[in-house]
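See below for the structure under consideration.
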Amino acid sequence: MNSVPTNPSGEGPGSASPSFRPLYQQIKALITQSLQSGEWKPGELMPSEVELAVRFKVSQGTVRKAIDELAAENLVVRRQGKGTFVATHHEERAHFRFLKLMPDEGAPRPHENRYLEVRRIRAPAEVARLLELKSGDAVVYIKRVMSFDAVPIILEELWLPGQLFKGLTAERLVEYKGPMYGLFESEFGTRMIRATEKIRAIGADGAAAEVLNVAEGTPLLCADRVSFTYGDRPVELRRGLYLTAQHHYQNELS
């Protein structure tokens, strides 16, 4: 059973130190370890705050503060009257968390995927650096076009660590009907926790223009993303080219 060191008052670290963290942060770290180890699966109901308080020998308020932070980071989801659940990419609310392109008018609509390439390659130096691999390590390369109402809008390239995504094929991607991150979560045990992005404007080159059915030089939004799983481990590099004639890139800042 996980627990934290207590001081004479019965709760908290034994003494202050340069590495001291507030007690709720220590509880948050312990809960995250349990999430990472798979003790509670994505979508599953977690123990109650009272049960966790007993387990970790801390107050319910300390557990609640830890859960609040995990919820703010989208690792868990609170449901009124039901409890706290492990977040999952299969939830409807999660579908648009990483897909930030929204239509200028109307509600977001489902997209259709067409896979142009899916193959294992040796990681180029820059890909290896961003994914913290060795140059030449195996990666799964995916190239797809995403269409809305039969109009191609997004051209994406993805690089995934080959060791983590053994068995990922074009056939598996095509037959899977849910979100791609849902597939990664349920079949490869890899959950995307957070991502960093670099965004810039570019002109469509010949290859992108052909796939997106636009003239060469058409303005596109280019987003380079590195996605991380537990432990801040990079597990995906993605480059998206977005056609924004009738869409916009929307982000919420807090």
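The values are calculated or read from the model by the stated rules, or taken from the named source; none is laboratory data. If you're wondering where the values come from, they're calculated on a predicted model, not measured in any experiment. Counting neighbours? That spans all protein chains shown, and the Cβs are built from the backbone with ideal geometry, glycine included. Ligands, DNA and RNA are stripped out before the accessible areas are found, and what is left, the full protein with its side chains, is counted by its heavy atoms. Shrake-Rupley method; radii C 1.70, N 1.55, O 1.52, S 1.80 Å.
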Item checked: Residue count for the range 180-201, restricted to those that are more than 9 Å from the chain's Cα centre (by Cα) and within 18 Å of Q250 (Cβ to Cβ) -> 6
Next item on the list: With the condition kept exactly as written, say whether any residue in the range 157-168 is in contact with an Asp or Glu (Cβ under 8 Å, 6 or more places away or on another chain) and of a type in the set (F, W, Y).
Entry: yes
Check: Out of the residues in the range 99-133 that are charged (D, E, K, R), surrounded by fewer than 16 Cβ atoms within 10 Å (Cβ to Cβ) and under 23 Å from I193 (Cα atoms), which is nearest to the chain's Cα centre (by Cα)?
Finding: E132
Checklist line | Criterion (at pLDDT 85 or above, within 29 Å of G178 (Cβ to Cβ) and among the basic types (K, R)) met by exactly one of R55, R78, R93, R64 | finding: R78
Checklist line | the range 147-205: number of residues that are of a type outside the set (G, A, S) and assigned to a strand (DSSP E or B) | finding: 19
Note to self: Against the conditions (1) within 21 Å of E44 (Cα to Cα); (2) free of Cβ contacts under 8 Å to residues at least 40 places away in the same chain, where does G189 fall short? Just the number, please.
What the structure shows: (2)
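The rows are residues; the columns are (1) touching a residue at least 40 places away in the same chain (Cβ under 8 Å); (2) touching a Ser or Thr at 6+ places or on another chain (Cβ under 8 Å); (3) surrounded by fewer than 17 Cβ atoms within 10 Å (Cβ to Cβ).
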| position | (1), (2), (3) |
| --- | --- |
| F148 | yes, no, no |
| L160 | yes, no, no |
| G167 | no, no, yes |
| E185 | yes, yes, no |
| A208 | yes, no, no |
| L212 | yes, yes, no |
| A215 | no, no, yes |
Next item on the list: Within the range 63-89, count every residue that is in contact with a Phe, Trp or Tyr (Cβ under 9 Å, 6 or more places away or on another chain), more than 16 Å from I27 (Cα to Cα) and surrounded by fewer than 17 Cβ atoms within 10 Å (Cβ to Cβ).
Entry: 2
Note to self: Just the residues that are touching a residue at least 40 places away in the same chain (Cβ under 8 Å), part of a helix (DSSP H, G or I) and open to solvent by less than 50 Å² (accessible area, probe 1.4 Å), please, taken from the range 32-62.
What the structure shows: T32, L35, R55, F56, T62
